[in-house]
Amino acid sequence: MSEKELLGRIRQAIVSMSVSETEAATREALQAGVDPLRIITSGLAAGLTEVGDMWIRRERFISHVLMAAKALNAGQALVEQKLAGKEGHYKATVVLGTPKGDLHDIGKNLVGMMMRAGGFKVYDLGVDVEPRMFIDKAREVNADLIGMSLIMSICLDKMEEVCKLAKAAGIKAKILIGGPATSEKVALRIGADAYGGFDAPTAVHAAKKLVGLAA
Ligand code: B12
């Protein structure tokens, strides 16, 4: 099978909400040497977006989205195993999370996984995180970076609160934001240090740039 076919098979497995088929297709792609980044962006995440779009068009129920997300997690676990050996020693520390009110975590988890593979020690606070918790954790672990993921635009005020608290507390961590509810404009408006783009590889590059690990 060509790379394009292998990625298409992963995408289709997610659309079919099949954990076993997603695992089989992801395994085959990894064995064939397909770049893990491509497996994530053009396979797993692309499949979920397709299901999401069908949900928005009322061709699927929310339960289908959840089942597709479960299949994505199964594929992601295999990619993570593959990337784990490449970690080496940590070059920077990041506190990651989704602000209060937002329960979406698929994008955040992918970004966290890629950051680990990129040399970051990641403290993932999960979803629905109180603004103060970002600051407390960043101080506790002397973080270089706070990464926030946001899908729900109604929760932007919570993201802004983290930026304000960080400034007031005088912590060293820079603030990187990402997710569909954010943009460069939003970063500027709420006082974040940078916007990290729409996919995990761009996010990791932005994170490295912010802490001086990339040009
Ligand atoms: C999956 C999903 C769900 C799942 C979430 C499962 C989970 N564990 O996350 C479930 C079914 C639970 C769900 C619930 C809801 N959802 Co929903 N959901 C989606 C869906 C289909 C896909 C989101 C996703 O995971 N995308 C895939 C990931 C990989 O992409 P991503 O998040 O963009 O992440 C990438 C980049 O943004 C970037 N990135 C992400 N984070 C970060 C962080 C940093 C620091 C950086 C640098 C980069 C970065 O890299 C990531 C990897 O490539 C979207 C529709 C769509 N097509 O997008 C709706 C959507 C996000 N949901 C929506 C809504 C309204 C809801 C509900 C309110 C529905 C309801 N009526 O109950 C609830 C909200 C619950 C809550 N309070 O949060 C709306 C949001 C509208 C808005 N803009 O505010 C959307 C857009 C659908 C719509 N058009 O109506 N949802």
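Each reported figure results from applying straightforward, stated rules to the coordinates on display, with no laboratory input. No experiment lies behind these values; they were computed from the predicted model shown. A quick note on method: Cβ atoms are made from the backbone with ideal geometry, for glycine too, and the neighbour counts reach across all protein chains shown.
Before moving on, here are some points about what is shown:
- Cα centroid separation - the range 161-215 against the range 61-135, whole Å: 16
- C-alpha long axis of helix 3-15 to longest principal axis of the chain, angle in °: 80
- Sequence-distant aspartates and glutamates (8 or more away, or on other chains) whose Cα lies within less than 16 Å of Lys208: Glu87, Asp144, Asp193, Asp199
- Neighbour-limited loop hits for trypsin sites (Lys or Arg not before Pro), the range 158-215 (at most 14 other Cβ within 10 Å; DSSP other than H, G, I, E, B): Lys172
- Rounded to the nearest 20 debye, dipole of the range 22-81 from Cβ charges on Lys, Arg, Asp, Glu: 200
- Computed from point charges on the beta carbon alone (+1 for Lys and Arg, -1 for Asp and Glu), the dipole magnitude for the chain about its Cα centre is near 440 Debye.
- Ordering Glu5, Glu161 by the number of other Cβ atoms within 10 Å of each residue's own Cβ, fewest first, gives Glu5, Glu161.
- What you get for the range 92-210, charging only the Cβ of Lys and Arg (+1) and of Asp and Glu (-1), is a dipole of about 380 debye around the Cα centre.
- When the chain is described by a simple charge dipole with +1 on each Lys and Arg Cβ and -1 on each Asp and Glu Cβ, the residue from Leu188, Asn73, Gly47 located farthest towards its positive end is Leu188.
- Selected from Phe120, Phe61, Phe198 as most flexible by GNM, with the chain as the system and alpha-carbon contacts under 10 Å: Phe61
- Listed residues Ser16, Ser149, Ser63, most fluctuating in the chain (Gaussian network, C-alpha, under 10 Å): Ser63
- Under 5 Å between amide hydrogens, built in the peptide plane, is the criterion, and for Asp124 it picks out Leu96 among residues at least 5 positions away or on other chains.
- Here the residues Met113, Met159, ranked from fewest to most Cβ neighbours within 10 Å of their Cβ, fall in the order Met113, Met159.
- When the trypsin sites (Lys or Arg not before Pro) in the range 1-99 are filtered for DSSP coil states and for at most 14 other beta-carbon atoms within 10 Å of their beta-carbon, the remaining sites are Arg57, Arg58, Lys86, Lys91.
- For the chain, diffusion coefficient by Stokes-Einstein and Kirkwood Rh (Cα), 37 °C, 0.692 mPa s, µm²/s: 186
- Hydrodynamic radius of the range 45-131 per Kirkwood, over alpha carbon pairs, in Å: 14.3
- Rounded tilt (10° steps) of 156-169 against the dominant C-alpha axis of the chain: 40
- The range 92-210: radius of gyration and largest Cα-Cα distance (Dmax), Å: 12.1, 32
- Cα long-axis angle, helix 19-31 against the chain (0 to 90 degrees, to the nearest 10): 90
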